[in-house]
Amino acid sequence: MELGADEPIGDMPVNRYEIAAAAPKPVAAEVAAPAPDSGADPVAAASEAAAAATSLESLAEIQSAYEHCELKRGARNFVFADGNPEARVMILGEAPGRDEDREGRPFVGRAGQLLDRMFAAIGLARTAHHADEALYITNVMPWRPPQNRDPDPAEIAMMLPFVKRHVEFVNPDILVLMGNTPCAAALGKRGILRLRGNWTEAFGRPAMPMTHPAYLLRNPAAKREAWADLLEIKARLGGAT
Ligand code: URA
C-alpha cells in the first residue's frame, strides 16, 4: 500500500525474469516510437495544443493525446469533465482519485457524492438540462496522481493552458475553485482556508474558492463555512442579469 500498490491485478504471482528471458527482443522501431520529444518545452507544447482546439470535444481529444505529463502513464483513464457545458457554474477540482480513474468521470467517489449533495442544496445538479440549474465539473489534472499525491507545480503548469481553454469554451458566469490545486493553478496562490469564502477573479470571471469536499469529510465542522460559500454562489447567481 505504501508503494502505491492499492489494486490487485492478478490472482497468481508472475515471475517477470522468466518472461523477459523467453520474450523475443523488440525491434528497434518499436522501442523508438513512443518516446515524446524530450527537448520540447511541455508548457509551450500544451499552449500550442490547447490553442488548436476548436470545441470542447476537440479539446478533450487534444488533451488526452498530450504526451508530456508523466501522470498519464500511471492512470487508467483520462478524466475530462462531467455535467452540462451550458451551466452557469463550473467547478474546478484537483485531480481524479481512484474511483474517478476507474470510471473516467470526475467526482464520482465519496467526495463527489458530497459535492453533489452540497450543490443540490442550492438547486444545482450536473444532470440538470437547464443552464440555471446545471453544473459543469472538471479538474486541473485529467490523470490520477499516484497515491493521490498533490500534483507538483510543473504538472499544474503544463495543464494550465488546457484548463484556460476549457473555461473559455464553457464560459461560465461563476467558477468554483475546489481546494488548493485549482487555487494554485488559477490564482497562483495556495492557502484555501484563508482564500475560501472570498470572491476573486480567475480566467477573467468571478471565482469562489471553497474547501474541498474531501476536506469536509475529514472535518465536518468546516461544513458550516462551506454552506455560507454555497449561499454566496446562490446569491450571485440570483443577482446576475
Ligand atoms: N477530488 C477531486 O478534486 N476531483 C475528483 O474528480 C475527485 C476527487
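Please treat every number below as a calculation from the coordinates, not as lab data. As the structure is a computational prediction, the values presented were derived from the model and not from experiment. For neighbour counting, all protein chains shown are included, and Cβ atoms are generated from backbone atoms with ideal geometry for every residue, glycine included.
Some notes on this structure:
- Inter-probe distance in nm under a simple model that places probes 7 Å from Cα toward Cβ, at residue 52 and residue 235: 4.6 nm
- When only Cα pairs below 8 angstrom with a gap of at least 6 residues are kept, the range 42-239 shows a relative contact order of 23 percent.
- Within the range 122-214, the proportion of C-alpha pairs whose separation exceeds 16 Å stands at 57%.
- Förster-model FRET efficiency, 30 Å R0, residue 193 and residue 14, C-beta, rounded to 0.05: 0.05
- In units of the compact-protein estimate 2.2 N^0.38 Å, the chain shows a Cα radius of gyration of 1.12.
- Alpha carbon centroid spacing (whole Å) that separates the range 165-189 from the range 78-94: 10 Å
- Highest-fluctuation residue, 210, 12, 90 considered, GNM on the chain with Cα pairs under 10 Å: 12
- The length gained by stretching the chain between residue 129 and residue 201 to full extension, at 0.36 nm per residue less their Cα-Cα distance, is 23.3 nm.
- You can think of it this way: the chain between residue 41 and residue 110 has 21.2 nm of extra reach, that is 0.36 nm per residue less the Cα-Cα gap.
- As a proxy for reagent exposure, ranking 160, 231, 115 by other Cβ atoms within 10 Å from fewest up yields 231, 160, 115.
- The chain: DSSP helices with Cα axial extent of at least 18 Å and average Kyte-Doolittle hydropathy no lower than 0.5: 153-170
- DSSP beta bridges in the range 42-239 [antiparallel fraction, %, rounded to 5]: 30 percent
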